[in-house]
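The structure appears right after this line, and notes come after that.
The values are calculated or read from the model by the stated rules, or taken from the named source; none is laboratory data. Remember, predicted model here, so these are calculated numbers, not experimental data. Methodologically, a virtual Cβ is constructed for each residue, glycine included, from the backbone with ideal geometry; neighbour enumeration extends over all protein chains shown.
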Amino acid sequence: MAKAYIGTSGWNYRHWSNGQFYPKDLKPLDWVQYFAKHFDTVEINNSFYRLPSEAAFQRWRMQVPPHFVFAVKASRFLTHIKRLKDPEEPLGLQGYTSDSRREHVSRHRSFEVPGLQHENPIPMGCVIGPFMMSSGIFGMEPETRKTPPDIESQCKLMFANVRRVMEAAGGSVGDIIKMVVWAKDKTFKEAVNKEWLAMFPDPHSRPARHTMLYNGFAGNVLVQCEIVAVLGEKR
């Protein structure tokens, strides 16, 4: 069945910050995170003139929930100058089908973790070179695939599953450089912090972390995370 996504054309509008949409005290860097709490998608318009950097895409991705869709507008070189003829070159310029892009895609290595696999056709994680990014990691018991009802147990299992994911990727939790946590309630931060400190006790050697509220979990899920890691030499 087809699914409709509702959003707007862009989110970076200064006049929205006067209380008309964004709270007046909200920083511009946090606008996309706030936007994603109200809409499921947004059109990226500036790609019509110039494709945003990969770092920008990664930054935006870390600020929105897993289901959020960025609709990237095609380059005007393809749509207005080439008029959709011979699309290989303009698409290559936009970074989608160039030889270097295909070479990178061919080096992707997806992996699964027994008991943690997703119902949808997505891997538990993907590695390219030394870089690893995970899909959503939940507080689920791998043997039974059941999620306990309380936040403390879910956090404990979620961090244990983070360790399982890193081992399956060929690394360790010491390779993690960023964790994004989605929680159903802001009061869950204490439970998250307890397991966070147990896994990363050294304040001088912790990954970056970003925590956001999310109310779209299925079933009794209360929390989930995603991780980004740079794997060590021994893999």
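Hey, among Met179, Met199, which residue is under 20 Å from Val127 (Cβ atoms), at pLDDT 95 or above and not aromatic (Phe, Trp, Tyr)? Write out each step before concluding.
On the way: Met199 fails: under 20 Å from Val127 (Cβ atoms).
After ruling out the rest, the residue left standing is Met179.
Within the set of pairs 6 or more residues apart or between chains, which connect a residue that is in contact (Cβ under 8 Å) with a residue 24 or more places away in the chain inside segment 44-59 to a residue that is assigned to a loop (DSSP other than H, G, I, E, B) and hydroxyl-bearing (Ser, Thr, Tyr) with Cβ atoms less than 7 Å apart?
Ser47/Ser75; Phe48/Ser75
In this structure, does His38 turn out to be in contact (Cβ under 8 Å) with a residue 24 or more places away in the chain and exposed (fewer than 15 other Cβ atoms within 10 Å of the Cβ)?
Details: in contact (Cβ under 8 Å) with a residue 24 or more places away in the chain: no; exposed (fewer than 15 other Cβ atoms within 10 Å of the Cβ): yes.
When the stated conditions are applied, His38 does not pass them.
Matching residues to (1) crowded, with 18+ Cβ neighbours inside 10 Å; (2) assigned to a helix (DSSP H, G or I):
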{"site": "Pro149", "(1), (2)": "no, no"}
{"site": "Cys155", "(1), (2)": "yes, yes"}
{"site": "Ile177", "(1), (2)": "no, no"}
{"site": "Thr187", "(1), (2)": "no, yes"}
{"site": "Arg206", "(1), (2)": "no, no"}
{"site": "Met212", "(1), (2)": "no, no"}
{"site": "Gln224", "(1), (2)": "yes, no"}
{"site": "Ile227", "(1), (2)": "yes, no"}
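Mind checking which residues of segment 189-198 are surrounded by fewer than 17 Cβ atoms within 10 Å (Cβ to Cβ) and farther than 25 Å from Leu29 by Cα? Spell out how you get there, then give the answer.
Taking segment 189-198 as the starting set, the residues that turn out to be surrounded by fewer than 17 Cβ atoms within 10 Å (Cβ to Cβ) are 189-190, 193-194, 197-198.
Glu190, Lys194, Leu197, Ala198 - these are the residues of segment 189-198 that are surrounded by fewer than 17 Cβ atoms within 10 Å (Cβ to Cβ) and farther than 25 Å from Leu29 by Cα.
So which residues in segment 198-208 are closer than 16 Å to Arg163 by Cβ and in contact with a strand residue (DSSP E or B) (Cβ under 6 Å, 6 or more places away or on another chain)?
Listed by number, the list holds a single entry, Pro207.
What's the number of the condition Phe21 fails, among (1) assigned to a loop (DSSP other than H, G, I, E, B); (2) in contact with a strand residue (DSSP E or B) (Cβ under 9 Å, 6 or more places away or on another chain)?
The single condition Phe21 does not satisfy is (2).
Residues that are modelled with pLDDT under 75 and more than 13 Å from Gly7 (Cα to Cα): which helices (runs of 4 or more DSSP H) entirely in segment 29-107 hold 3 or more of them? Lay out the reasoning, then the answer.
Numbers: elements: 31-35, 54-62, 88-93, 99-106.
Correct list: 88-93, 99-106.
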